[in-house]
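Q: This is the structure I want to talk about, given as structure tokens.
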Amino acid sequence: MYKPKDYRLVIGNTEYFPLMIGGMGVDVSTSAMVLEAARLGCIGHLSDAMVPALCDRYFGTTFSKNKAERHRLLQAEEHIPDRIPQFNLQEYRLAQIQYVSETVEKKKGAGGVYINCMEKLQIGTARDNLEVRLLASLDAGVDGITLSAGLHSNSMKMMSEHPRFRDVKIGIIVSSWRALRLFLMAAKRADRMPDYIVVEGPLAGGHLGFGDDWTQYNLKDIFTEVLMNIEKEGLKIPVIPAGGIFDADDIVSYIGMGASGVQVATRFTVTKESGLTDTAKQAFFEAEENDVFVSSVSPTGYPIRLLRSSPCLNSNVPPHCLMYGYAMDAKGHCQYIDAYNATGVTESGKKLPVVEKVCLCYHISRYDTWTCGASVVRLKDTVHRNQDGMYPLPTTEEVIQDYLGERIPQGSESE
Ligand SMILES: Cc1cc2nc3c(=O)[nH]c(=O)nc-3n(C[C@H](O)[C@H](O)[C@H](O)COP(=O)(O)O)c2cc1C
């Protein structure tokens, strides 16, 4: 009986175990988690969401304060009250390089340090900012870039002049053949096909690449459709399913269907290396079916799967666009600002809870937007609950070994 560890995911000229840990923003797939994946011969993804804010937290930089201060000064000088707070692209570049190279430089082992790059992050100047993030990630020496959250019709072209363009691994996450076909047309124009394709189904964590009709879709069908079309086009590109893949048997089953490997995330949210707080990790373990829902509260406009107990829900914090503003478009618009302004106050003047949207920048950077895949309800079956009622946290290594088919006991009584 074959186990996942007997297979290899071959991307370009590099062989990995057939397991990718997907990017989990903001800072849930931490540097420590990614380094463990690489050490053990798998692929780990950093997420490139809110990188300047993360540099401020980890390296003592002041990118977010600088942004706010610059805005205040400009406003005072030019008396334009509704000026949009802008990121400085040079600062953004420095932040991205620092953030990525800190992990790349520590890498040990034959696996890969990849980064998940989201096209749909608005950040005021969406196109320019995406280019900065892509090029800086290449400069910092990342092994691979997984393009996500968008169609990425220009991303290949943006990187085409970079000396590492032909060597770095480049992949894309899609949720339909239709979206992939559009991307492949753009990739052809840039004379650079992707090295792998991640097909993400509706049971995944984070934002979903589906509309409100997400229940109408399932991963197996989308994966098969993509695989068939790739073959029909005469392309040889590894196809990697994601969303709800929970154990070694699931991996073997997908490999049997033609997958080259899998991308997973939810099981790693509760590991010791995950960036989530211990409170969130325990809530993830405790989750039952009724505690999970697909919500429209994200100001990005995409559905996001959340725990109902997420502290971000019904919060009424003022919009945090001065320091952050990662979801703000070029016109200074963010759906949370609208929802906040439309929400009234109590008779005593206290702001009522904002129900429709959340300030994603503020909450996700505080780890209280508890997003997870639908399989979160199965996490409790993966460890033995402690006598005090707490769930012990497995290490990233333990979860990887479990996925690869090397059953070893997970989690230990917390010290
Ligand atoms: C906490 C969390 C955060 C996520 N953040 C992102 C993200 O920033 N960008 C992205 O493309 N996918 C994101 N995802 C999706 C994962 O990378 C992955 O493709 C998916 O969750 C796999 O399904 P699974 O969680 O059922 O294993 C996130 C998933 C989780 C659980």
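What follows is calculated from the coordinates using simple rules that are stated; it is not laboratory data. Please read all numbers here as calculations on a predicted model, not as lab measurements. For neighbour counting, all protein chains shown are included, and Cβ atoms are generated from backbone atoms with ideal geometry for every residue, glycine included.
Q: Taking amide hydrogens as modeled 1.01 Å from N in the peptide plane, which residues meet the under 5 Å criterion relative to residue 116, leaving out close sequence neighbours?
A: Amide H neighbours of residue 116, under 5 Å, 5+ apart: 46, 47, 48, 146.
Q: Report ³J(HN,Hα) in whole Hz for each residue of segment 370-382, in order, from the Karplus equation J = 6.51 cos²θ - 1.76 cosθ + 1.60 where θ = phi - 60°; Gly and Pro get x.
A: 8, 8, 7, x, 4, 6, 3, 5, 9, 4, 4, 7, 9
Q: Counting pairs of alpha carbon atoms under 8 Å apart in space and at least six apart in sequence, what relative contact order in percent does segment 151-216 give? Spell out each step's value before the answer.
A: Values: 59 pairs, mean separation 23.9, N = 66.
Once divided by the residue count of segment 151-216, the mean separation gives 36 percent.
Q: Now for a separate question. Please list 3J(HN,Hα) in residue order for segment 306-319, calculated via the Karplus relation 6.51 cos²θ - 1.76 cosθ + 1.60 where θ = phi - 60°; whole Hz, with x for glycine and proline.
A: 9, 7, 4, 7, 4, x, 5, 6, 6, 7, 10, 5, x, x
Q: With θ taken as phi - 60° and the coefficients 6.51, -1.76 and 1.60, list the Karplus ³J(HN,Hα) couplings across segment 265-275 in order, rounded to whole Hz; mark glycine and proline as x.
A: Per-residue couplings from phi come out as 8, 3, 5, 8, 5, 9, 6, 4, 7, 4, x Hz.
Q: Sticking with this structure for a sec: What is the chain's relative contact order, in percent, from Cα pairs under 8 angstrom and six or more apart in sequence? Spell out each step's value before the answer.
A: Values: 844 pairs, mean separation 75.9, N = 415.
It rounds to 18 percent for the chain.
Q: What trypsin sites (Lys or Arg not before Pro) in segment 187-294 are in a loop by DSSP, with at most 10 other Cβ atoms within 10 Å of the Cβ?
A: Numbers: sites: 188, 189, 192, 220, 232, 236, 267, 272, 281; in loops: 192, 236, 272.
Taking segment 187-294 and a limit of 10 other Cβ atoms within 10 Å, the loop trypsin sites (Lys or Arg not before Pro) found are 236.
Q: Then there is this: Let me know the Rg and Dmax you get for segment 262-415 when you use only its Cα atoms, in Å.
A: Gyration radius and largest Cα-Cα distance of segment 262-415: 18.2, 61 Å.
Q: Using a basic spin-label model with each label point 7 Å from the Cα along Cα→Cβ, how many nm lie between residue 317 and residue 331?
A: 2.7 nm
Q: In terms of modelled amide H atoms, which long-range or inter-chain residues lie less than 5 Å from the amide H of residue 110?
A: It is 41, by chain and number.
Q: For residue 257, project a label point 7 Å along Cα to C-beta. Then give me every residue of segment 375-394 with its amide nitrogen under 17 Å of that point.
A: Of the residues in segment 375-394, 375 have backbone N under 17 Å from the label point off residue 257.
Q: So the label point goes 7 Å from the Cα of residue 308 along Cα→C-beta, right? Which residues of segment 356-392 then have their backbone N under 19 Å from it?
A: 356-358, 369-380
Q: Could you give the Stokes-Einstein D for the chain in µm² per second, using the C-alpha Kirkwood radius, 4 °C, 1.567 mPa s?
A: Details: Rh = 21.9 Å.
Translational D for this selection: 59 µm²/s.
Q: What does the convex hull of the Cα atoms of segment 183-292 come to per residue, in Å³, rounded to a whole number?
A: Values: hull volume 15.9 nm³, N = 110.
In segment 183-292, the Cα convex hull volume per residue is 145 Å³.
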